[in-house]
1. Here are some residues: Gly206, Gly219, Gly197, Gly202. Which one is open to solvent by less than 30 Å² (accessible area, probe 1.4 Å), modelled with pLDDT of 90 or more and within 28 Å of Ser258 (Cβ to Cβ)?
2. Can you find, within the range 26-60, the residue that is surrounded by the fewest Cβ atoms within 10 Å (Cβ to Cβ) among those that are at pLDDT 95 or above and small (Gly, Ala, Ser)?
3. Give the residue that is farthest from Gly270 (Cα to Cα), with candidates limited to residues of the range 107-116 that are of a type outside the set (A, V, I, L, M, F, W, C), touching a residue at least 60 places away in the same chain (Cβ under 8 Å) and not in a strand (DSSP E or B).
4. Working only within the range 222-233, note down all residues that are among the polar types (S, T, N, Q) and either open to solvent by 50 Å² or more (accessible area, probe 1.4 Å) or closer than 16 Å to Ser106 by Cβ (or both).
5. Taking the stated definitions as given, is Thr186 open to solvent by less than 70 Å² (accessible area, probe 1.4 Å), modelled with pLDDT under 95 and not in a helix (DSSP H, G or I)?
6. Mind checking which residues of the range 142-183 are part of a loop (DSSP other than H, G, I, E, B), out of contact with any helix residue (DSSP H, G or I) (no Cβ under 6 Å at 6 or more places or on another chain) and among the small types (Gly, Ala, Ser)?
7. Kindly indicate whether any position in the range 53-71 is in contact with a Gly (Cβ under 8 Å, 6 or more places away or on another chain) and aliphatic (A, V, I, L, M).
8. Going residue by residue through the range 247-260, is there one that turns out to be at pLDDT below 95 and at positive phi?
Amino acid sequence: MSVRRRALALATSAALALSLAACGGGSSSSDEANPYDLQQPGTLRVGTLTDAPPNVFLKDGKFTGFDNDLLTAVAAKMGLKVEFVGTEFSSLLAQVKTGKYDLGSSSISITDARKKTVDFSNKYDFGFLGLDVPKGSPITSFDQLAGKRVVVVQGTVQDDFATREKLDPVRVPDYNAALNQLKSGTADAWITPAEIGEKTAGESGGKVLAVAKQLDVGGQAYAVNQQNDALREAVNKALDEVIADGTWAKLQKQYYPSREIPADFKPGSGSVAIGAAK
């Protein structure tokens, strides 16, 4: 090979090496800027509901509630902002799975069936199944629902319960639709998250009554894409931090002032003590 050709070949090889190095450096820089593989670096895009107080709801144009306020505190520990987007519960887990949202926040109970679609953070809350009925109803307990027209929000743990109990439930897309079924007399009962059911009954002017509740033993957590271990682990770490610093206890008192915490319930990893509310 001539000197000229040899020099040209060396120059070409050097240029290629520099190009590959530059590409590698760009990828590393990108990973460092977006370590949790978020849709938008620095911002956690979260699917949630607008109509399920005190857990998750929209107030004065702002998404709030226990779950969402807690997640905002968790994100702050991670150095992230949060962008909440309203959706329906029936599609929320699928939207997390397909990457439309980085996380799902909606008092989501952990079940084996749901683990086929999404991963979960460590649990941050517990809950009870509630039973709401129209004023004047003779129904006072869950064991009186056989043969009755029972409404549930599609895809919820309440839906799972009604199906398991062979109640042939009427499925609706959201809580407002379920409440309207009771008010219009087209449903005999509504199985609901107990806190939501109690709040709804209290605000109904006596038209709806909360008559029973029972513990949902699975625990509740944030939904995470199954491919995003880094995000799930970071959320779990930050969740322990807001449990330890008293934020978790403060929000419990704010949103559930009369609710007792079961003695054996340990939020987060279970390895940190619950800090006193500030």
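The values are calculated or read from the model by the stated rules, or taken from the named source; none is laboratory data. Worth saying up front: this structure is predicted, and the values here are computed from it rather than measured. Quick reminder, even Gly has a Cβ in these numbers, built from the backbone with ideal geometry, and neighbours come from all protein chains shown. SASA here: full protein model, heavy atoms, side chains in, ligands and nucleic acids out. Shrake-Rupley method; radii C 1.70, N 1.55, O 1.52, S 1.80 Å.
1. Numbers: Gly206 fails: open to solvent by less than 30 Å² (accessible area, probe 1.4 Å); Gly219 fails: modelled with pLDDT of 90 or more; Gly202 fails: open to solvent by less than 30 Å² (accessible area, probe 1.4 Å).
Checking each option against the conditions leaves just Gly197.
2. Gly42
3. Taking the range 107-116 and keeping what is of a type outside the set (A, V, I, L, M, F, W, C), we get 107, 109, 111-112, 114-116.
Filter once more, keeping what is touching a residue at least 60 places away in the same chain (Cβ under 8 Å): 107, 109, 111, 114.
In the following step, the residues that additionally are not in a strand (DSSP E or B) were identified as 111, 114.
Working: Thr111: 19, Arg114: 22 Å.
Restricting to residues being of a type outside the set (A, V, I, L, M, F, W, C), touching a residue at least 60 places away in the same chain (Cβ under 8 Å) and not in a strand (DSSP E or B), the top hit is Arg114.
4. Kept after step one, since they are among the polar types (S, T, N, Q), are these residues of the range 222-233: 225-228.
The answer is Asn225, Gln226, Gln227.
5. Details: open to solvent by less than 70 Å² (accessible area, probe 1.4 Å): yes; modelled with pLDDT under 95: yes; not in a helix (DSSP H, G or I): yes.
Judged against the criteria, Thr186 is a match.
6. Selection gives Ala146, Gly147.
7. Among the residues of the range 53-71, at least one is in contact with a Gly (Cβ under 8 Å, 6 or more places away or on another chain) and aliphatic (A, V, I, L, M), which makes the answer yes.
8. No; the residues of the range 247-260 include none that is at pLDDT below 95 and at positive phi.
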